[in-house]
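One structure is given here, and the rest of the page talks about it.
Laboratory data are not the source of any read-out in this text; all were calculated from the coordinates shown. Keep in mind that what you see is a predicted model, and the values were worked out from it rather than measured. So basically every Cβ, Gly included, is an ideal-geometry build from the backbone, and we count neighbours across all protein chains shown.
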Amino acid sequence: MQFIHTPEEMRAWSDACRSGSLTVGFVPTMGFLHDGHISLMKLLRPQVDRLVVSIFVNPLQFGPDEDLDRYPRDPEGDAEICRRAGVDALLIPHSPEDFYPSGFSTSVSVHGLTDVLCGASRPGHFDGVTTVVARLFGVVGPTLAAFGEKDWQQLVVVRRMVEDLAIPVRLVPGPIVRDADGLALSSRNKYLSSDQRQRALSLSRALFEMQALERAGEQDVSALVQRGRAILDVDRLDYLEVVDALTLRPLSRVDRPARALVAAFVGTTRLIDNIPLGPEVTWQ
Ligand code: AMP
C-alpha cells in the first residue's frame, strides 16, 4: 500500500492508473476507522482495479464549537486496517495546509437540501463537506466513490453536487453498519461512557420501533414520530423527522420512499442515525 501525503502525488498516482485504463475506487473518511468504513472498502474492492482511501479531518466542515481539536485519530491503526482491506493507496495529508492550496478561496454550496436537518443545526457544515469532496474528487479522479447511508443527508447532498456539476464519478451507497445491539458505528462513539452508550442505543431503538410500526401499516408521520420520541433517552434532541428520502422535504404520510432521521446529544456527543420507511428508494 502506497502512502500519499500531497494532492500532487495523489494526482500523479491516479493519472498513472487512468493512463493504464485502470478504474479507481475511492472511500473518503476522517479516519479512526471502524467496520462501517471497512464495509465501504469491501463494497468497492471487487468493483475496481485500484482502491484509494483518504483520511482527512477537514476543518471546513466543523463549526467553531465542535470537536475538530479532539476528533479521535489513530493513523497507524487506520493504515493497518486499510492494508488488510486491500487498499492500494492511502491519501493522508499531514495538515490542512498540505491539502488545500495557498490562497484557497472556493466554496461549493448545494442549496435547499443543506438548510434542513443537520444543516439547520450545523450552519456551513455541508458547504465544508461538498467543498472537500469536490476537491478530493478533483485530486483522486475516481470512477466509483462509496458513501455510507449512515450520513444519509450527506449522501443526498453529494449526489446532487455530482449531478449538478457533471462530475464523472458514480456514487455507491453503503448500508449502515451497526453493533450487535443496534448502535450505528461512529468514530464519535469513542466519546461515550458506558452509561451514555446505553442511552445512545435509544436512537436506533426509536428508529427500529418507528419502522416496525410503519411496516405494521401506520403511515401517519405524527404517530410515528410520537412513538420514536417516547423511546429516546437523550440529553438534547436536535431533530427526529420523517422526510422524503431524496428531497428531504417533511412528509405527513409515508406514501413514498422516506427516511426517519434522528440527531441528538448524549452528554456532549452529537450522534446521528436513520432508517428507511415506505417503498425502497431508487437512485438513478
Ligand atoms: P467519516 O469518517 O465519519 O467521515 O465517514 C466516512 C464514510 O464512512 C462516510 O461515507 C460515512 O457515511 C461512512 N460511515 C461512517 N459510519 C458508518 C456506518 N456505521 N456504516 C456505514 N458507513 C459508515
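See the values below:
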| item | result |
| --- | --- |
| Total formal charge among the other residues, if their Cβ is under 15 angstrom from that of residue 152, Lys/Arg +1 and Asp/Glu -1 | 0 |
| Alpha carbon centroid spacing (whole Å) that separates region 201-257 from region 36-72 | 28 |
| Cleavage-rule hits (chymotrypsin sites (Phe, Trp or Tyr not before Pro)) in region 49-125: DSSP loop, at most 13 neighbouring Cβ within 10 angstrom | 104 |
| Full-extension gain in nm, residue 181 to residue 74, via 0.36 nm per residue minus C-alpha separation | 36.0 nm |
| In region 215-284, the chymotrypsin sites (Phe, Trp or Tyr not before Pro) that fall in loop regions by DSSP, at most 14 other Cβ within 10 Å | 283 |
| For region 145-158, Karplus couplings with θ = phi - 60° (6.51, -1.76, 1.60), whole Hz, Gly/Pro x | 9, 9, 10, x, 5, 3, 9, 4, 5, 4, 4, 5, 5, 5 |
| Relative contact order of the chain, defined on C-alpha pairs under 8 angstrom at six or more residues apart (%) | 17 |
| Gain in span if fully extended, residue 95 to residue 18, counting 0.36 nm per residue against the direct Cα distance | 25.0 nm |
| Region 47-82: trypsin sites (Lys or Arg not before Pro) in DSSP loop, at most 14 other beta carbons within 10 Å | 70, 73 |
| Distance between modelled label sites at residue 216 and residue 194, nm, 7 Å Cα→Cβ extension | 3.3 |
